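*Asks:* Just passing along the structure, written as structure tokens.
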Amino acid sequence: MGIRGRKRRLEIEAEYWRLLQSGVGTVEACKLVGVGRKTGYRWRAENGGLPPERVAEPVHSGRYLSLLERKRIATLREHGLGVRKIAARLDRSPSTVSRELRRNTLDHDRGIYAADLAHHRSRKRGSRPHRPKLQNDAALRAEVQAKLHLEWSPEQIAAHLRVLWPDQPERHLCHETIYRALYQGAKGVLSRTLTKKLRTGRSLRRRRRSSSARAPRFQTPAVLIHDRPAVVDQRDRVGDWEGDLVVGRGNRSAVATLVDRRSRLLRLIPLPGGHDSARVRDAITAAMQTLPEAARLTLTWDQGIEMARHHELAPLFSDGIYFAYPASPWQRGTNENTNGLLRQYLPEGTDLSVHTLDELRLIEDRPNNRPRKTLGWRTPADVFTAALTA
């Protein structure tokens, strides 16, 4: 059996690179191996002018063979080892090795396997563009567009598709696929104008960083929430507070909010002069000093820059100050939910510095004296007072 189809191109390309490395020019090398100049220039452009064996190895999933593994396959194959023995040496499935040799052997009669060129071809095949499902399936695309016009979220649409076509998995999408189709705006898929139908209405997608890649925001290291005493999670005592800022128009004004985890008691702290770290420190200190020491055990906050002076607030709380992980609002769920309720009285896009201390007291009295189901229909004020008295 001779060389078949595309397999032969690997051997020609290998000869082309050998000629270049020996000092032959590109045009002359193309003539010698029997390809056009454009083909030679393309091979050079694909590798940045470097031979395949010198192209840097990219970081990829462990499910794919690496260049080192392909070189080991070539070496073991030259020593006469069979597919199963090679697979055992690499800790790979025999079918993986068999498929690799079948695809990338240059001459099946002589068993020539070039690891470098095989790896190069594999990377090239892996990067080829794929037509997305939404581009190939007009009915699927129409269904997704219809639900977006109804302001359904991509996650809701993804669940709906599984209910609509339970026996057609080729029409099932994950929500991330829909988001990408919207924001990439590829021709024949979804129009980027539909991003206005999303809850955020954001026309561009924000780039996200992992929490580990985020630079430290405080000069004094923060103590993260996983080091917080376990008793805080039980909600068995008062004095464990969660805090944050409710921000006004243009981020120019703010009110600090503190919520007790056990009783859900709310304290509103005015910040009329601004919400830099010094003013936030002074305002929280003034508010907390009105409470007995037994009601000042811990404080949990997000990693906002307004808490840069957290070490100066630490003496107020006997069990310490702790910080949630970046982009993890659920770790301070009590405070986040309360801030959402407060928007009824402190609307977004307004100047919050106009609210006086007396006005904020009237606002906080409403949720503090409202019966709560989670408290057995008692009020936060009653639960907080009873716990301190006990």
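The values are calculated or read from the model by the stated rules, or taken from the named source; none is laboratory data. Predicted model only: the values in this text are computed from it and were never measured. With ideal geometry, Cβ positions are generated from the backbone for all residues, glycine too; neighbour counts draw on all protein chains shown.
*Asks:* Looking only at the range 152-177, how many residues end up being loosely packed, with under 12 Cβ neighbours inside 10 Å and in contact (Cβ under 8 Å) with a residue 24 or more places away in the chain?
*Replies:* Selection size over the range 152-177: 1.
*Asks:* Step by step: first the residues of the range 271-290, then only those that are without any contact (Cβ under 8 Å) to a residue 40 or more places away in the chain and of a type in the set (A, V, I, L, M), then the one that is farthest from Val232 (Cα to Cα). Which residue is that?
*Replies:* Per the criteria, the residue is Ala278.
*Asks:* Picking from Leu204, Leu190, which residue would you name as being modelled with pLDDT of 70 or more and assigned by TED's automatic domain parsing to the domain that holds Ala146?
*Replies:* Leu190
*Asks:* Also, I was wondering about something else. If Arg264 satisfies all but one of (1) of a type outside the set (A, V, I, L, M, F, W, C); (2) touching a Pro at 6+ places or on another chain (Cβ under 7 Å); (3) on the phi < 0 side of the Ramachandran plot, what's the number of the condition it fails?
*Replies:* Just one mismatch for Arg264, condition (3).
*Asks:* Please go through the range 346-390 and pick out each residue that is under 19 Å from Arg261 (Cβ atoms) and in contact (Cβ under 8 Å) with a residue 24 or more places away in the chain.
*Replies:* Selection gives Glu364, Pro367, Asn368, Arg372, Thr374, Leu375, Pro380, Ala381, Val383, Phe384, Ala387, Leu388.
*Asks:* Here's something else I'd like to know. Just give me the residues in the range 218-245 being within 16 Å of Arg281 (Cα to Cα) and assigned to a loop (DSSP other than H, G, I, E, B), in sequence order.
*Replies:* Once the filter is applied, which keeps residues that are within 16 Å of Arg281 (Cα to Cα) and assigned to a loop (DSSP other than H, G, I, E, B), the range 218-245 yields Phe218, Gln219, Thr220, Ala222.
*Asks:* If the requirement is being at pLDDT 85 or above, assigned to a helix (DSSP H, G or I) and either outside the structural domain of Gln156 (by TED's automatic domain parsing) or under 32 Å from the mean Cα position of the chain (by Cα) (or both), which of these qualifies: Ala146, Ala118?
*Replies:* Just one listed residue meets the conditions, Ala146.
*Asks:* Can you pull out the residues in the range 84-96 that are in contact with a helix residue (DSSP H, G or I) (Cβ under 8 Å, 6 or more places away or on another chain) and farther than 18 Å from Ser122 by Cβ?
*Replies:* Arg84, Lys85, Arg89, Pro94, listed by residue number.
*Asks:* Could you grab me the full set of residues in the range 277-315 that are closer than 12 Å to Gly243 by Cβ and surrounded by fewer than 18 Cβ atoms within 10 Å (Cβ to Cβ)?
*Replies:* The answer is Ala287, Gly304.
*Asks:* Based on what the data block shows, is Leu67 over 14 Å from Ala114 (Cα atoms), surrounded by 14 or more Cβ atoms within 10 Å (Cβ to Cβ) and in contact with a helix residue (DSSP H, G or I) (Cβ under 9 Å, 6 or more places away or on another chain)?
*Replies:* Considered against the rule, which asks whether it is over 14 Å from Ala114 (Cα atoms), surrounded by 14 or more Cβ atoms within 10 Å (Cβ to Cβ) and in contact with a helix residue (DSSP H, G or I) (Cβ under 9 Å, 6 or more places away or on another chain), Leu67 comes out as no.
*Asks:* Of everything in the range 324-358 that's of a type in the set (Asp, Glu) and exposed (fewer than 14 other Cβ atoms within 10 Å of the Cβ), which residue is farthest from the chain's Cα centre (by Cα)?
*Replies:* Result: Asp358.
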